[in-house]
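J.: My questions all concern the structure below.
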Amino acid sequence: MHSPNGILPKGQLDQLINEDIVFKELESVLGSMQIKKTMAETARKICKETKLTGDDLKPRTKSFKKIFAVLVLINKASTIQKFLDDDVSDIDLPLAKEYPDEKRKEDQSKVFQLRKRDSEQVLSCFDDWKPISVCNFEEYQWSFLSPYFAAGEKKNPRHYVLQNEVILPFFQEAKTAPGDALSCWQQEMLEGGESQVFKVVIHPEHHNLYDKKKAKPDENPCFAIRRKKSPSKVDFNKEVEILKRFSGDYDGHLANLLATYEQFNQYFLIFHWAESDLLEFWRNHPREELDTDLVVWIATQCAGLAGALHKIHNYRDSMKDHLGPNDIQYGRHGDIKPQNILLFRNANDPHDRGTLKLADFGLSEFRSHDSKSRVHPSQIGNTYDYRAPESDVRGAAISRSYDIWTLGCVYLEFICWALGGFNLHKKFTKARLRPDNRLRPEQLGSDWNVATFFELVEGGRGAQVKTAVIRVRPTHNFGAATVFVPSTTMPMQATG
């Protein structure tokens, strides 16, 4: 068994704590103080598992295995009888701290006693203990209380509220061990606009979030833990409620939310780990042969992403047999860009190019029919390069067509990559660069150039597609740029 900061999964606890091993441990610490028959009876009590139903009607298993394991780790196994007499069992863990003086809670170095969570009475089984031993018990108990992340119902992933002391069953390597769980802050981290993403392996005995039919034999998959930068519970609940609508759709082109949890006054979302985002994929595959298979794959993925966006734009609650007016809502993703499109591969198929899925719904929203096209540009966040003209055109409003524009931008970059690899993609980005004097330095740093796909005309009353966007390849010019004005032909007015 290991020290604090590591975990001992239940399956391994059962292997380490059984009647024979407990008997031998009692024999070594008690010696001739107890007869063997008494020690054997104590070992049976410790290891016996009794099925109970709690006040919340959830089934629970009562035993003293974890209690005994903690006592062994802190060299207090000889005191197990007091815990049996006071009926302090595994289902009582974690034991809560009780400070003699309420003011001392602010100073964690002060002495405390332990009690059951549902009682204010301190436990007498610790009466003769030194303060350091009480501290050790409180600290070591968390090694046996790592949470189990269970898959929820379709459209209803589970949420877990975790105490700060809880040790997460996350690992950096696919080869999991009984201990050595790492803090999520120590994992490989990717920075995003609204969140940070950590790559972890969850111990296989602590989740059922993976479809094992799609895994390689003996492979424990990686997961993405996304930490919201905003501490706002309102923002967290808003995104989760949107993601719930599409959870359980494993064969589609929308990223699936598996579970959520909160800890350290922060909010976390759990997803399957993607091999890369679309921009990283382009960068890692600088040039591929433009054959029929590649063209079909690109077309299939683009069609799938369009279908996913259609689901967002015209959401219908499939859990209901009859749809009323309030069951159809009109959503908007709000931040479509290559970094928010993730690539997932089938581990069982070495020839699988992968499936692209829309992700990161932090800026998404759903509205009723009456208000589906009535959002002012100041109410949305957007990525500069991919933002639509209605973000800047005077008098324009944001609607679902905003997503259509941004997805079209991604499609065009996809075509660039297909025709000329990542080198042409970079040239295309550079060709679109123009200074934007309306932006403050803190928004773009020292570089005031932006690679949007449009530029404003007529004093900001309209916009036109940049010439570089018309020319997908530098040697081909398909004509002059088209001018769009809100009152006439701007796409956002036409698609509503």
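The values are calculated or read from the model by the stated rules, or taken from the named source; none is laboratory data. Note that this is a predicted model, so its numbers are computed, not measured. Using ideal geometry, Cβ is built from the backbone for each residue, glycine included, and neighbour counts are taken over all protein chains shown.
J.: Counting just the residues of region 273-298 that are touching a Phe, Trp or Tyr at 6+ places or on another chain (Cβ under 6 Å) and within 30 Å of A151 (Cβ to Cβ), which one comes out surrounded by the most Cβ atoms within 10 Å (Cβ to Cβ)?
T.: Residue satisfying both the conditions and the ranking: A274.
J.: Moving to a separate point now. Yes or no: L52 assigned to a strand (DSSP E or B) and either in contact with a Phe, Trp or Tyr (Cβ under 7 Å, 6 or more places away or on another chain) or at pLDDT below 95 (or both)?
T.: yes
J.: In this structure, does Q301 turn out to be modelled with pLDDT of 65 or more, touching an Asp or Glu at 6+ places or on another chain (Cβ under 7 Å), surrounded by 14 or more Cβ atoms within 10 Å (Cβ to Cβ) and not in a loop (DSSP other than H, G, I, E, B)?
T.: no
J.: Considering each residue of region 55-66, count those that are more than 13 Å from E19 (Cα to Cα) and at pLDDT 80 or above, and give that number.
T.: 5
J.: E442: among the acidic types (D, E), out of contact with any Gly (no Cβ under 9 Å at 6 or more places or on another chain) and modelled with pLDDT of 85 or more, yes or no?
T.: No, not satisfied.
J.: Is it true that V234 is touching a residue at least 60 places away in the same chain (Cβ under 8 Å) and not small (G, A, S)?
T.: Judged against the criteria, V234 is not a match.
J.: In region 222-252, how many residues are part of a helix (DSSP H, G or I) and either in contact with a Cys (Cβ under 6 Å, 6 or more places away or on another chain) or within 13 Å of N265 (Cβ to Cβ) (or both)?
T.: 2
J.: Being in contact with a helix residue (DSSP H, G or I) (Cβ under 7 Å, 6 or more places away or on another chain) and modelled with pLDDT of 80 or more is the requirement here; does A359 meet it?
T.: Yes; evaluated as a whole, the condition is true for this residue.
J.: Tally time: how many residues in region 59-71 are over 17 Å from L95 (Cα atoms) and either aliphatic (A, V, I, L, M) or touching a residue at least 60 places away in the same chain (Cβ under 8 Å) (or both)?
T.: Of the residues in that region, 0 qualify.
J.: Considering only residues that are among the hydrophobic types (A, V, I, L, M, F, W, C) and either farther than 15 Å from V166 by Cβ or assigned by TED's automatic domain parsing to the domain that holds G354 (or both), which ones fall in region 254-269?
T.: Those that are among the hydrophobic types (A, V, I, L, M, F, W, C) and either farther than 15 Å from V166 by Cβ or assigned by TED's automatic domain parsing to the domain that holds G354 (or both): L254, A255, L257, L258, L269.
J.: How many residues does region 42-69 hold that are buried (at least 16 other Cβ atoms within 10 Å of the Cβ) and touching a Ser or Thr at 6+ places or on another chain (Cβ under 8 Å)?
T.: Residues flagged as buried (at least 16 other Cβ atoms within 10 Å of the Cβ) and touching a Ser or Thr at 6+ places or on another chain (Cβ under 8 Å) within region 42-69 amount to 5.
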